[in-house]
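Take a look at the structure set out below.
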Amino acid sequence: MEQNQLIDNMALELRRGVIVLAVLSQLQEEQYGYSILKLLAGKGLEVDQGTLYPLLRRLEAQGLLESLWRVEEARPRRYYVISTEGRKVLPLLKAEWKKLSATMAGFVNEEKE
Amino acid sequence: MNLIDRYVNAVADRLPEKMREDLSKEIRSLIEDTLDDRARQTGKPVTDEDLIVEVLRSFGPPEKMAASYLPTRYLIGPRLLPIFWLIVRIGIGITALVSIILLGVNLGGSSIPFSQVNIMIGKAVTDFCTTAIGVFGNIVFIFAIIELLLPKMAEEKGKVWDPRSLSDRAENDHVSLPECIAGIVFTLAVIILFNFYPQFVSIGSLSNGVVTFAPMLTGEFFKYLPWLNILWALELVKDGLLIRENKWTIFTRWMDIGLHVTGIVVALTMAFGAPIAALPAGSIFASDPTLSSFFAPFIKGFLILIALASAADVIKKLYRMIKN
């Protein structure tokens with residue numbers, strides 16, 4: 001495997017680890033699949049479609065998201081929004097992320113020194 | 001049917017029926033949203049085939065897309081894999097044993113033309129392969145059903161897994177399951193051969209294009225048979241214990257050494273006692289004086305060789321035990 005491909009795969013794995021938190025944090029208001037993709041990309045988190053869309057279904061199956069079909073511009077779209085359970089989980093995930101982020105910052109800074 | 005329809009159908013074909021309709025609708029909606037956006041960015045119409053191809057390509061092949069919505073599934077998962085391989089080995093081993101016995105019965109039970117021997121062996125191999133594939137397929141089928149019906153893993157149900165439940169097997173205590181199974185199959189084959197089909201321990205001769213077999217074992221051999229049966233039965237018990245414990249214990253190690261030593265005593269007694277095998281009287285081999293004079297020392301030498309190999313094995317095992 002070439003080095004570039006290896007790094008791309010590792011970066012993809014890193015992003016996958018944070019997508020759940022990113023999605024939950026961005027779904028305080030209803031969004032449909034493609035709009036979530038654009039929203040995340042607009043904020044600097046490029047996510048593969050094949051990763052994001054199935055993830056939305058899984059989070060819904062876990063009770064962290066709710067969804068409903070709505071017809072707009074003569075086209076049905078599935079809208080997702082954070083559920084009551086998701087709202088309880090989100091602050092806990094945020095706290096975990098802050099701890100992890102601080103720890104990782106320590107590791108990365110050690111490397112620089 | 002346009003490309004989007006074909007793509008959605010291809011994904012739907014790979015999804016379980018209960019989620020097919022809903023997911024198809026959602027995937028179509030996602031594709032159309034993406035297409036709209038790309039059309040705006042490029043200034044191309046949404047009907048542009050190149051643009052549609054580009055969008056569908058970004059979604060990935062239908063099988064990959066469908067797979068991303070499904071949990072990882074196993075035909076036979078890690079829970080059942082060790083027992084699955086054990087059953088496969090036993091099943092194939094028994095099939096091999098039955099094939100060998102049937103071949104022996106067919107070859108030794110009647111006088112057959114020499115030209116037919118190769119054909120019979122070839123047929124036996126083909127029959128074994130066919131039966132073995134059938135046995136393997138049936139075992140896979142049964143295990144796949146068990147895998148499907150098994151409840152979720154104990155850990156998922158909230159049961160706390162205790163690492164102390166892991167086997168405390170040291171590297172030196174490792175038991176090779178295939179060796180044990182092979183040992184059991186071989187011992188059973190030997191028991192069946194010498195107790196039920198001793199006439200198959202024979203020598204063949206070719207006369208007028210017909211192979212005939214004449215038994216070689218003498219009455220002297222059958223005096224040892226009860227003792228050999230006890231040894232073989234204990235060998236089976238030892239292999240059974242090894243499979244059950246999945247490691248060598250002090251008991252099984254000493255049992256193994258005891259069986260080896262007893263085997264050496266029996267082999268040497270047979271070697272230095274009256275002949276246990278002889279060239280059948282009246283056969284063309286018995287009438288050959290050179291062959292006749294070499295046969296008895298050959299059997300004696302063979303038994304001594306077995307005893308020596310066994311003694312070397314005992315010394316090696318004892319050395320390892322003392323060392324550890």
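The values are calculated or read from the model by the stated rules, or taken from the named source; none is laboratory data. Treat the numbers as computed from the prediction; the structure is a model and nothing was measured. With ideal geometry, Cβ positions are generated from the backbone for all residues, glycine too; neighbour counts draw on all protein chains shown.
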Within the range A:20-35, residues polar (S, T, N, Q), more than 9 Å from every other protein chain (Cβ to nearest Cβ) and part of a helix (DSSP H, G or I) come out as A:25, A:26
Quick count over the range A:77-92, residues being in contact with an Asp or Glu (Cβ under 9 Å, 6 or more places away or on another chain) and of a type outside the set (Val, Ile, Thr), is 6
Exception for residue B:43 within (1) away from chain A (no Cβ under 14 Å); (2) closer than 15 Å to residue A:48 by Cα falls at (2)
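Being surrounded by 13 or more Cβ atoms within 10 Å (Cβ to Cβ) and more than 10 Å from every other protein chain (Cβ to nearest Cβ) is the filter here, so list the residues in the range A:36-48 that pass it.
From the range A:36-48, those surrounded by 13 or more Cβ atoms within 10 Å (Cβ to Cβ) are A:36-40, A:45, A:47-48; that's our starting set.
Hits for the range A:36-48 are A:36, A:39, A:40, A:45, A:47.
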Residue pairs within 6 Å by beta carbon, gap of at least six or interchain, first lying in the range B:121-139 and more than 18 Å from residue B:75 (Cβ to Cβ), second surrounded by 17 or more Cβ atoms within 10 Å (Cβ to Cβ), listed first then second, are B:124/B:99; B:124/B:103; B:128/B:99; B:131/B:95; B:132/B:92; B:132/B:95
When the range B:36-54 is checked residue by residue, the ones that are closer than 25 Å to residue A:70 by Cβ and either at pLDDT 90 or above or part of a helix (DSSP H, G or I) (or both) are B:36, B:37, B:38, B:39, B:40, B:41, B:52
Note to self: Being under 21 Å from residue A:67 (Cα atoms) and either within 14 Å of another protein chain (Cβ to nearest Cβ) or in contact with a Ser or Thr (Cβ under 7 Å, 6 or more places away or on another chain) (or both): is that true of residue B:33 here?
What the structure shows: yes
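Could you check, for the range A:85-93, whether at least one of its residues is within 14 Å of chain B (Cβ to nearest Cβ) and within 16 Å of the chain's Cα centre (by Cα)?
Let us first name the residues in the range A:85-93 that are within 14 Å of chain B (Cβ to nearest Cβ), namely none.
Taking every residue of the range A:85-93 in turn, none turns out to be within 14 Å of chain B (Cβ to nearest Cβ) and within 16 Å of the chain's Cα centre (by Cα).
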Only one of (1) over 20 Å from residue A:92 (Cα atoms); (2) within 14 Å of another protein chain (Cβ to nearest Cβ); (3) over 10 Å from the mean Cα position of the chain (by Cα); (4) assigned to a helix (DSSP H, G or I) does not apply to residue A:51, and that is (3)
Next item on the list: Answer with yes or no whether residue A:61 is surrounded by fewer than 14 Cβ atoms within 10 Å (Cβ to Cβ) and either within 13 Å of chain B (Cβ to nearest Cβ) or under 18 Å from residue A:86 (Cβ atoms) (or both).
Entry: yes
Residue hits (the range B:23-81; in contact with a helix residue (DSSP H, G or I) (Cβ under 8 Å, 6 or more places away or on another chain) and hydroxyl-bearing (Ser, Thr, Tyr)) are B:24, B:29, B:34, B:42, B:58, B:68, B:69, B:74
Going through (1) touching a Ser or Thr at 6+ places or on another chain (Cβ under 7 Å); (2) in a loop (DSSP other than H, G, I, E, B) one by one, residue B:95 fails only at (2)
How many residues of the range A:57-72 are of a type in the set (Asp, Glu) and outside any strand (DSSP E or B)? The answer is 1
All conditions in (1) outside any helix (DSSP H, G or I); (2) within 14 Å of another protein chain (Cβ to nearest Cβ) are true of residue B:63 except (1)
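Considering only the range A:98-112, I want to know if a residue exists there that is under 29 Å from residue B:69 (Cα atoms) and either within 16 Å of the chain's Cα centre (by Cα) or in contact (Cβ under 8 Å) with a residue 60 or more places away in the chain (or both).
As a first pass, look at the range A:98-112 and keep what is under 29 Å from residue B:69 (Cα atoms): A:100.
Retained after the next criterion (residues that are either within 16 Å of the chain's Cα centre (by Cα) or in contact (Cβ under 8 Å) with a residue 60 or more places away in the chain (or both)): none.
No, there is no match, as no residue in the range A:98-112 is under 29 Å from residue B:69 (Cα atoms) and either within 16 Å of the chain's Cα centre (by Cα) or in contact (Cβ under 8 Å) with a residue 60 or more places away in the chain (or both).
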* Asked: Would you say residue A:17 is surrounded by fewer than 13 Cβ atoms within 10 Å (Cβ to Cβ) and more than 13 Å from chain B (Cβ to nearest Cβ)?
  -> yes
Exactly one of B:272, B:251, B:222 is surrounded by fewer than 18 Cβ atoms within 10 Å (Cβ to Cβ), within 22 Å of residue B:189 (Cα to Cα) and modelled with pLDDT under 95, and that one is B:222
